[in-house]
Amino acid sequence: MASLVQQVFRRKPVTEMTTETGADTGKSELARSIGLFQLSMFGIGATIGTGIFIILTEAVPEAGPAVIWSFVIAGAVAGLTAICYAELASAVPVAGSSYSYAYATLGELPAMGVAACLLLEYGVSSAAVAVGWSQYLNQLLDNLLGVRIPLSLSQAPEQGGVFNLPAVILVAMCAFLLIRGASESAKINAVMVMIKIGVLVLFIVVGLQGWNSDNLADFAPFGFAGITSAAGIIFFSYIGLDAVSTAGEEVKNPRRTMPLAILIALVTVTTLYILVAVVAVAAQPAEQFEGQEAGLATILENVTGSTWPATTLAAGAVISIFSVTLVTLYGQTRILFAIGRDGMLPAVFHKVNPRTLTPVRNTIIVAAVVSLLAGLIPIDFLAEMTSIGTLVAFLVVSIGVMVLRQTHPELPRGFKVPLYPVLPLLSIAGCIWIIQGLDGITIAVFLAWVAVAIVWYFLYGRGHSHLGKHEHVGLPHD
Amino acid sequence: MTMIVGYAPDERGKSAVHLAAMLARASGDDVVVCAVVPAPWQPGMARVDAEYQAYLDSVADRALDEARALVPDDIAATFLRHRARSAPAGLLEVAGEHAANLVVLGSSSAGVFGHVVLGSVSDRLLHSSPISVALAPRGFRCKDGSTVARVTAAYDGSAHADRLVVAAADIATRLAASLRIASFAVWSRVAYTSRLGTEPEDLVLQEWTATMGERLREVRQQVGSLAAPPRDVTTVIGHGESWAAAIDDVAWDDGDVLVVGSSPIGPLAQVFLGSRATKILRHSPVPVVLVPRGWAEELADQAG
């Protein structure tokens, strides 16, 4: 019987992981087919669409017009961690994202902690995004048909409603697609990205007509603390740059392409966001942002005095947020699948329906929980929870890069973090800095949530872990 | 037993006759080659209809003469002309008269060579025939004396597919052929934007493959414990990003016949081509036999 410390810090060997998933055996060998442009599009596509449409409403009241700087800071931190992701992804090319990286580098208990963070990053964020979708759908219906979904059916209880029905319907639709076996090709993804970018450019061009320098007069009413605090919320809208790193196995010439694609995506996204933020805060006094539904669309409506730009924006948002909910929900089911496969969740999570080839029960459970969250909890709280979960996951990845350099210096790495160890350290510092700027209550709830995951680990995961029982899953060893 | 071959005077008929010969050689069944001609209308004064009818009959007779030349000497076949309102109805009437248990058809000439292509007659029969339907790929030919070497049963892991496999095993035993149980994993790459990379889907696929492998082992054991199991039973899983690729992935040979079951949404006593079966059929490079659900159950009960 291994000692407790050995047990909770046992690491899953990287070779075991790669054998399990057939990464090196050629069983599922992937063609290196993705080029720089496509990869950058993945990054941009994964990033734009979650936050920017809905986040200004939350961030501007915190920082005032200085929210522009919040965007820069959040972007820089996101970029640093994305580079760390790139190295880990190229060294440990397995499913499960940072959960698997943590399992391989830090041990079982930290991996469970990261899993708790990822539940926030994916599960809670799909709920948050679904709530944002509901706001835009309402806006679109109002503009097109002149009807609105009654408040009681389109808002969480705390905001005066009863149940956020559109958000729940969206989650249900996505779950249905996932059960049927959703597969989106890279081409469709690229088209969607173009729509998203087009919509934001439209906002910038039209919103510029409403420029009023007076709105920028009181630039940073809450000082530096306000900027940091807003950066924490905005960070939510930069999640997705790490998508670039996860395609490491399929990229042509990864050493050059990966960092370049991350930089291109980062610069494109940051530029767009900052332009959107500048235009928005210049067009509308800062105090009006608070509590505004479908913020960007409302701004355009006030600027032009007509509804068509707002309608276009709302339609673009409805399409793009739909796709985002779909992929975050997808991500959540697959992470739970990976955890279930390691034995630390009940077997129901890694059961595959033989007919549809999808984890049906897993998807239904996830969709049910996400629906409840989306229906009952307001968006600002969801957004903050997502931020902190992601930040901690990023933190772990940045630490993981350094751990893996020490423990497995010999592993082949398609991409190495430049300026090691400065960049990972900066990334860690950045994450911690943003975390401490978040609401005290958010941090408290987050710690409680991680504690729940750890209790779960000791009650269930520790005893059932396949690694602990020396059980082998997946493809047989050669 | 008897099988009915729907014969039309073109290459479609030729492949149907070749398939019937291969099946009959294995099973020893009688073959009835049937040309269906339109039924006469009400007789009129001008006897125009009768002339037209006589012409049709002569065409049919010529077709049957051709068929006679096509059927190999070692096959006992009868040839008949039948009048009916429509070709599928006529074939089923003849099948009823001869207590046949199989209708053999060729592929439509509208598709590519080497694949099974549905025409109007086969489409109608595949969704309503009370007896099994065999379809030859377009341009199908079998060498003289060749017989059914292997029966492949398409298996999707459902309980009702278990029964189909047992029924297919029974057919294989009767044809003195080996049995292969095949499943198809059709999956494609998913969205990259979920930030998980492309591997999670491989994980799901592996889990599916493992589960399916387990189910295949079980059903194989079930077949092995039959009173008269086929001489050889193998299992295979075809992987691919499309049905065409997945079906290509399992190797096919001369003398192969693919058996697919009817969809459980159709009536028990008739064949009904389900959506998956349609895809399998469309990409099958070998002759396909679609069996009614009720008949498969009956066969499985007898065999078990």
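For segment B:52-78, taking the residues that are in contact with a strand residue (DSSP E or B) (Cβ under 9 Å, 6 or more places away or on another chain) and among the acidic types (Asp, Glu), the one that is nearest to B:LYS143 (Cα to Cα) is identified as B:ASP65. Could you tell me whether segment B:239-258 includes any residue that is in contact (Cβ under 8 Å) with a residue 60 or more places away in the chain, closer than 15 Å to B:ARG163 by Cβ, surrounded by 20 or more Cβ atoms within 10 Å (Cβ to Cβ) and not basic (Lys, Arg)? Looking through segment B:239-258, none of the residues is in contact (Cβ under 8 Å) with a residue 60 or more places away in the chain, closer than 15 Å to B:ARG163 by Cβ, surrounded by 20 or more Cβ atoms within 10 Å (Cβ to Cβ) and not basic (Lys, Arg).
Looking at segment B:258-266, can you tell me whether even one residue there is hydroxyl-bearing (Ser, Thr, Tyr) and more than 23 Å from B:LEU105 (Cα to Cα)? Give the derivation first.
Initially, segment B:258-266 is screened for residues hydroxyl-bearing (Ser, Thr, Tyr), giving B:262-263.
In the following step, the residues that additionally are more than 23 Å from B:LEU105 (Cα to Cα) were identified as none.
Within segment B:258-266 (the criterion being hydroxyl-bearing (Ser, Thr, Tyr) and more than 23 Å from B:LEU105 (Cα to Cα)), the answer is no, since none of the residues qualifies.
Does A:MET344 qualify as being surrounded by 24 or more Cβ atoms within 10 Å (Cβ to Cβ), more than 12 Å from chain B (Cβ to nearest Cβ), part of a loop (DSSP other than H, G, I, E, B) and hydrophobic (A, V, I, L, M, F, W, C)? In short, yes.
Of the helices (runs of 4 or more DSSP H) contained entirely in segment A:28-123, those carrying at least 1 residues that are within 22 Å of A:MET192 (Cα to Cα), more than 12 Å from chain B (Cβ to nearest Cβ) and not small (Gly, Ala, Ser) fall at A:36-47, A:52-63.
Of the residues making up segment B:142-170, those that are part of a helix (DSSP H, G or I) and under 12 Å from B:SER262 (Cα atoms) number 4. Of all residues in segment A:270-294, those being within 21 Å of the chain's Cα centre (by Cα) and of a type outside the set (A, V, I, L, M, F, W, C) number 3.
Put simply, of B:LEU203, B:LEU216 the only residue that is more than 19 Å from the chain's Cα centre (by Cα), hydrophobic (A, V, I, L, M, F, W, C), outside any loop (DSSP other than H, G, I, E, B) and closer than 30 Å to A:VAL327 by Cβ is B:LEU203.
Kindly provide the set of residues from segment A:320-361 that are in contact with a Cys (Cβ under 7 Å, 6 or more places away or on another chain) and farther than 16 Å from B:GLU201 by Cα, ordered by number.
The one that is in contact with a Cys (Cβ under 7 Å, 6 or more places away or on another chain) and farther than 16 Å from B:GLU201 by Cα: A:THR325.
Do we find a residue being of a type in the set (A, V, I, L, M) and away from chain A (no Cβ under 14 Å) anywhere in segment B:203-225? Among the residues of segment B:203-225, at least one is of a type in the set (A, V, I, L, M) and away from chain A (no Cβ under 14 Å), which makes the answer yes. Only one entry in B:ALA21, B:ALA63, B:ALA39, B:ALA16 is farther than 28 Å from B:ALA177 by Cβ and within 25 Å of the chain's Cα centre (by Cα), namely B:ALA63. If you go through segment A:244-296 and keep only what is of a type in the set (A, V, I, L, M) and either free of Cβ contacts under 8 Å to residues at least 60 places away in the same chain or within 14 Å of chain B (Cβ to nearest Cβ) (or both), you end up with A:VAL244, A:ALA247, A:VAL251, A:MET258, A:ALA261, A:ILE262, A:ALA265, A:VAL267, A:VAL269. Within segment B:224-238, the set of residues being modelled with pLDDT under 90, surrounded by 13 or more Cβ atoms within 10 Å (Cβ to Cβ) and of a type in the set (A, V, I, L, M) comprises B:LEU226 only. Of the residues making up segment A:427-446, those that are crowded, with 18+ Cβ neighbours inside 10 Å and in a helix (DSSP H, G or I) are A:SER427, A:ILE428, A:GLY430, A:CYS431, A:ILE434, A:ILE435, A:GLY437, A:THR442, A:PHE446.
Among the residues of segment B:147-173, the ones that are in contact with a helix residue (DSSP H, G or I) (Cβ under 6 Å, 6 or more places away or on another chain) and modelled with pLDDT of 85 or more come to 14 in all.
In segment B:244-258, how many residues are part of a helix (DSSP H, G or I) and within 24 Å of B:LEU19 (Cα to Cα)? Lay out the reasoning, then the answer.
Kept after step one, since they are part of a helix (DSSP H, G or I), are these residues of segment B:244-258: B:244-249.
Filter once more, keeping what is within 24 Å of B:LEU19 (Cα to Cα): B:244, B:247-249.
Qualifying residue count, segment B:244-258: 4.
Among the residues making up segment B:2-24, those that are in a strand (DSSP E or B) and touching a Cys at 6+ places or on another chain (Cβ under 7 Å) are B:ILE4, B:VAL5, B:GLY6. Listed residues A:ALA338, A:ALA314; which is facing chain B (nearest Cβ under 8 Å) and crowded, with 24+ Cβ neighbours inside 10 Å? Among A:ALA338, A:ALA314, only A:ALA338 is facing chain B (nearest Cβ under 8 Å) and crowded, with 24+ Cβ neighbours inside 10 Å.
How many residues does segment B:139-188 contain that are under 22 Å from B:SER107 (Cα atoms), surrounded by fewer than 21 Cβ atoms within 10 Å (Cβ to Cβ) and either within 15 Å of the chain's Cα centre (by Cα) or not aliphatic (A, V, I, L, M) (or both)? It would help to see each step written out before you state the result.
Keep residues of segment B:139-188 that are under 22 Å from B:SER107 (Cα atoms), which gives B:139-144, B:146-154.
With surrounded by fewer than 21 Cβ atoms within 10 Å (Cβ to Cβ) added as a condition, the list becomes B:139, B:141, B:143-144, B:146-147, B:149.
Remaining after also requiring either within 15 Å of the chain's Cα centre (by Cα) or not aliphatic (A, V, I, L, M) (or both): B:139, B:141, B:143-144, B:146-147.
Of the residues in segment B:139-188, 6 are under 22 Å from B:SER107 (Cα atoms), surrounded by fewer than 21 Cβ atoms within 10 Å (Cβ to Cβ) and either within 15 Å of the chain's Cα centre (by Cα) or not aliphatic (A, V, I, L, M) (or both).
Whether a residue is farther than 21 Å from A:THR57 by Cβ, away from chain B (no Cβ under 13 Å) and modelled with pLDDT under 85 was assessed, and A:ILE195 passes this test.
Of all residues in segment B:3-24, those that are in contact (Cβ under 8 Å) with a residue 24 or more places away in the chain and at negative phi have Cβ atoms under 8 Å from Cβ atoms of residues that are of a type in the set (Ser, Thr, Tyr) and buried (at least 24 other Cβ atoms within 10 Å of the Cβ), 6 or more apart or on another chain, in B:ARG12/B:SER107; B:GLY13/B:TYR7; B:SER15/B:SER107; B:ALA16/B:TYR7; B:VAL17/B:TYR7.
Residue check: is A:GLY240 modelled with pLDDT under 85, within 14 Å of chain B (Cβ to nearest Cβ) and either crowded, with 21+ Cβ neighbours inside 10 Å or within 30 Å of A:TRP308 (Cβ to Cβ) (or both)? Even if it seems obvious, please write down each step before you answer.
Numbers: modelled with pLDDT under 85: yes; within 14 Å of chain B (Cβ to nearest Cβ): yes; either crowded, with 21+ Cβ neighbours inside 10 Å or within 30 Å of A:TRP308 (Cβ to Cβ) (or both): yes.
Yes: the conditions hold for A:GLY240.
Pairing residues of segment B:267-289 that are assigned by TED's automatic domain parsing to the domain that holds B:LEU118 with residues that are in a helix (DSSP H, G or I), at Cβ distances under 8 Å and at least 6 apart in sequence or on separate chains, gives no pairs at all.
Across segment B:114-166, which residue is nearest to B:PHE184 (Cα to Cα) among those that are within 14 Å of chain A (Cβ to nearest Cβ) and touching a Pro at 6+ places or on another chain (Cβ under 8 Å)? It comes out as B:ASP156. Within segment B:172-188, residues that are of a type in the set (Lys, Arg) and part of a strand (DSSP E or B) have Cβ atoms under 8 Å from residues that are surrounded by 19 or more Cβ atoms within 10 Å (Cβ to Cβ) and at pLDDT below 90 in no pair, counting only partners at least 6 apart in sequence or on another chain.
The values are calculated or read from the model by the stated rules, or taken from the named source; none is laboratory data. Please read all numbers here as calculations on a predicted model, not as lab measurements. Positions of Cβ are backbone-derived with ideal geometry, glycine not excepted, and every protein chain shown enters the neighbour counts.
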